[in-house]
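In what follows, a single structure is set out as structure tokens and then discussed.
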Amino acid sequence: MTSEKQAEKLVSFFVCNKDPDIENFLKYKAIHFEKTGKSRTFFVYDEDCEEFEILGYFSLALQVFKLPEKFSNRKILHLDGFSAKIHGKKITEFPVILIGQIAKNEKYEKNITGNELMQFCLSTLFEGQTKLGGRIILLECKDVPYLLQFYNKFGFQKLERDYKTNDLLQLIKVLQQDEIISIER
């Protein structure tokens, strides 16, 4: 069996009834996104378990983020950390690290908490950030109070802009200097 067929078999056991889009991404897009370099998907599993069971997963990608036109120079400076302009023009785009997907497998939801899954995700993200740079993390989520509270615990803030009905909210976390630079690295 090819490694791609093995991966398809493993992800076929992932269940996320709360958000079918998350389950569908893993089952029908993640492998293609891996092969084309569009994103990287990481599985969280129990190393002590004899059978490989995906407890949760997350996908990370690099993306260019376009700022809403109404953003003030002060907000842009906060995001950039250095300036609001480049060559005299207002900065309108930023590179970001996107948390494209993150979810627990409902079949094993008692085996991992959301906090643990997010910690695995951020740890992996910081590992890449130390090698590549970047200071902004972006994720999108539904306008659901418990999701917003969950992401707020990890320092994500809702991006203030005009949202249409059923738009996903954009949440960002601007890495602080102690998260970006560490003598231990």
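A short reminder: the numbers here are calculations on the coordinates, not readings from a lab. The shown structure was predicted, so the numbers you read here are calculated from the model rather than taken from an experiment. In this analysis, Cβ positions are derived from the backbone assuming ideal geometry, glycine residues included, and neighbour counts consider all displayed protein chains.
Label point of K164 set 7 angstrom out along Cα-Cβ; within segment 41-74, amide nitrogens under 18 Å from it belong to 66-70. Per-residue Cβ neighbour counts within 10 Å put D19, D162 in the sequence D162, D19, beginning with the fewest. Here the Karplus curve 6.51 cos²θ - 1.76 cosθ + 1.60, taken at θ = phi - 60°, turns the phi angles of segment 119-125 into couplings of 5, 4, 4, 5, 4, 5, 4 Hz, with x standing for Gly and Pro. The label-point distance for D19 and D80, in a model that sets each label 7 Å from Cα toward Cβ, rounds to 3.2 nm.
Sparse packing (at most 12 other Cβ atoms within 10 Å of the Cβ) combined with a DSSP loop state is found for the following GluC sites (Glu not before Pro) in segment 52-113: E69. Listed values for segment 142-153 are Karplus-derived 3J(HN,Hα) couplings in whole Hz (6.51 cos²θ - 1.76 cosθ + 1.60, θ = phi - 60°), namely 5, 7, 10, x, 5, 5, 4, 5, 4, 5, 4, 4, and x replaces Gly and Pro. For segment 12-31, the residues whose amide N sits under 20 Å from a probe point set 7 Å from the Cα of Y146 along the beta carbon direction are 15-24. Residues in segment 107-117 carry Karplus couplings, in order, of 5, 10, 4, 7, 8, 8, 9, x, 4, 5, 4 Hz; the curve used is 6.51 cos²θ - 1.76 cosθ + 1.60 with θ = phi - 60°, and Gly or Pro positions show x.
For Cα Rg over 2.2 N^0.38 Å, computed directly from the structure shown, the correct entry in (i) 0.94; (ii) 1.41; (iii) 1.12 is (iii). Listed from fewest to most Cβ neighbours within 10 Å, the set V144, V11 follows the order V144, V11. Structural descriptor for segment 70-185: relative contact order 24 percent, calculated from alpha carbon pairs under 8 angstrom and at least 6 residues apart. The residue list H87, Q6, Q129 was ranked by how far each Cα lies along the charge dipole of segment 3-180 toward its positive end, using unit charges on Cβ atoms, and H87 comes out on top.
Taking amide H as placed 1.01 Å from N in the peptide plane, the amide H of I136 sits under 5 Å from that of I97, L175, each at least 5 places away or on another chain. A simple spin-label model places pseudo-atoms 7 Å from Cα toward Cβ; at K107 and K9 they are separated by 1.3 nm.
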